[in-house]
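Data first, discussion second: the structure below is written as structure tokens.
The values are calculated or read from the model by the stated rules, or taken from the named source; none is laboratory data. Being a predicted model, the structure only gives us computed values, none of them experimental. Using ideal geometry, Cβ is built from the backbone for each residue, glycine included, and neighbour counts are taken over all protein chains shown.
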Amino acid sequence: MASEVRLERLLGKLVVDAFGLPFGRIEDVIAEPQGDEYLVTHLLIGPNSRLAQLLASAHELPTLRALGLGRRPRVRRVPWSWFDLTDPDRPQLRRSVADDGQEGTRA
């Protein structure tokens with residue numbers, strides 16, 4: 001696994017699980033300061049389809065939300081250690097989420 005990856009290379013990338021099935025897209029990271037640098041502890045994974053992303057963004061607009069359009073986005077907080085980033089252009093989970101019945105926690 002790569003020990004250092006530039007954040008802009010990861011944002012928006014589709015993440016697949018250990019079986020190659022789509023899991024979601026990288027939306028953001030959670031990092032903690034460590035000296036002069038930051039250590040990423042979790043990746044925030046959002047919806048994988050463009051339609052789901054569009055509906056999630058519609059939830060942010062009060063008028064559309066009042067009309068019942070859009071929905072609250074489902075964002076998963078997944079530990080950094082679950083990822084295989086040997087190829088940052090194709091991020092992959094090291095295991096299937098179904099392996100142990102645990103999903104990344106909701107952010």
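Of note:
- Some residue of segment 35-49 being surrounded by fewer than 17 Cβ atoms within 10 Å (Cβ to Cβ) and modelled with pLDDT under 70: yes
- Of I30, I26, all but one fail to be touching a helix residue (DSSP H, G or I) at 6+ places or on another chain (Cβ under 6 Å) and modelled with pLDDT of 90 or more; the exception is I26.
- Qualifying residues in segment 76-99 (those that are in contact with an Asp or Glu (Cβ under 6 Å, 6 or more places away or on another chain) and within 21 Å of A31 (Cβ to Cβ)) - the one modelled with the lowest pLDDT: R94
- Long-range neighbours under 6 Å by Cβ, at least six apart or interchain, first residue surrounded by fewer than 19 Cβ atoms within 10 Å (Cβ to Cβ) within segment 7-31, second in a strand (DSSP E or B) and among the polar types (S, T, N, Q): V16/Q92; I30/T41
- Strands (runs of 3 or more DSSP E) within segment 1-46 that include 3 or more residues over 14 Å from W82 (Cβ atoms) and out of contact with any Cys (no Cβ under 9 Å at 6 or more places or on another chain): 22-34, 37-46
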